[in-house]
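Reading through the structure tokens given below for one structure.
The values are calculated or read from the model by the stated rules, or taken from the named source; none is laboratory data. Here the structure is a predicted model, which is why all the values come from computation and not from measurement. Here Cβ is always computed from backbone atoms with ideal geometry, including for glycine, and neighbour counts include all displayed protein chains.
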Amino acid sequence: MKKTSPPEPAMQEFAAPSLLRRFAAMIYDSLLLMAVSILYGAIATGINIAIKGAPVTGERVTWGAFGIVVFIGWILTIGFFFCYFWKKSGQTLGMKTWRIKMYDANSMQLPSYSQCIIRCCCAPLSMLMLGIGYWLMYANKDRQTLHDKTSKTRILLLAKEKK
């Protein structure tokens, strides 16, 4: 007999996570992103000092036009963090802790890179105007947020593991 791997979970087996659970995962991930941001800032500052030299004692490091490049690099680093974990396993560490996972809404497989990038670009927009893009999940039967809909992804609450 031919062995096959177990299929990805069907939508009916799992519920959509609550807004509170989604925000809890976001807070957890924000702590990780603070550490990533500090590391990125240290590397960028080191490169700046290597190029421009150390500032006089008591003065700040000046960035000039390099500041825009550093800011864009930081945004890309944050985007890479999310895209890497979403594509690899459908979960960031915060999502894993709160038992939520992202899937392609149509195939129920892990999302594609393009879906991850679209989601990264649209998620901050969902947070605008008191999180209206998140509150939209209560206005549709699939409980998808604005960035779920635009990226054609779905977030599901995973069952507790039995011990």
Scan region 53-89 residue by residue and report those that are in contact with a Pro (Cβ under 7 Å, 6 or more places away or on another chain) and either in contact (Cβ under 8 Å) with a residue 40 or more places away in the chain or closer than 14 Å to Arg119 by Cα (or both). Trp86, Lys87
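Of the residues Leu125, Leu130, which is surrounded by 11 or more Cβ atoms within 10 Å (Cβ to Cβ) and more than 19 Å from Met95 (Cα to Cα)? Let's see the steps before the verdict.
On the way: Leu130 fails: surrounded by 11 or more Cβ atoms within 10 Å (Cβ to Cβ).
Among Leu125, Leu130, only Leu125 is surrounded by 11 or more Cβ atoms within 10 Å (Cβ to Cβ) and more than 19 Å from Met95 (Cα to Cα).
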Quick one: how many residues across region 77-88 are farther than 13 Å from Leu33 by Cβ and loosely packed, with under 14 Cβ neighbours inside 10 Å? 1
Which ones in region 106-119 are surrounded by 14 or more Cβ atoms within 10 Å (Cβ to Cβ) and either modelled with pLDDT under 95 or aliphatic (A, V, I, L, M) (or both)? Met108, Leu110, Ile117, Ile118
Among the numbered conditions (1) in contact with an Asp or Glu (Cβ under 7 Å, 6 or more places away or on another chain); (2) farther than 23 Å from Tyr28 by Cβ, tell me where Pro111 comes up short. (2)
Filtered residue count, region 90-105, keeping only those that are surrounded by fewer than 20 Cβ atoms within 10 Å (Cβ to Cβ) and either in contact with a Pro (Cβ under 6 Å, 6 or more places away or on another chain) or not hydrophobic (A, V, I, L, M, F, W, C) (or both): 4
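What residue, of Ile27, Ile72, Ile38, is surrounded by fewer than 13 Cβ atoms within 10 Å (Cβ to Cβ) and closer than 30 Å to Arg143 by Cα? Let's see the steps before the verdict.
Values: Ile72 fails: closer than 30 Å to Arg143 by Cα; Ile38 fails: closer than 30 Å to Arg143 by Cα.
Just a single option satisfies the conditions, and that option is Ile27.
Yes/no matrix, rows are residues, columns are (1) at pLDDT 95 or above; (2) aromatic (Phe, Trp, Tyr):
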site: Arg60; (1), (2): no, no
site: Trp86; (1), (2): yes, yes
site: Leu93; (1), (2): yes, no
site: Met102; (1), (2): yes, no
Failed criterion for Gly73 (all others in (1) of a type in the set (Gly, Ala, Ser); (2) in contact with a helix residue (DSSP H, G or I) (Cβ under 9 Å, 6 or more places away or on another chain); (3) assigned to a loop (DSSP other than H, G, I, E, B) hold): (3)
Residues satisfying the stated conditions in region 47-65, i.e. surrounded by fewer than 15 Cβ atoms within 10 Å (Cβ to Cβ) and assigned to a helix (DSSP H, G or I): Ile47, Ile49, Ala50, Ile51, Lys52
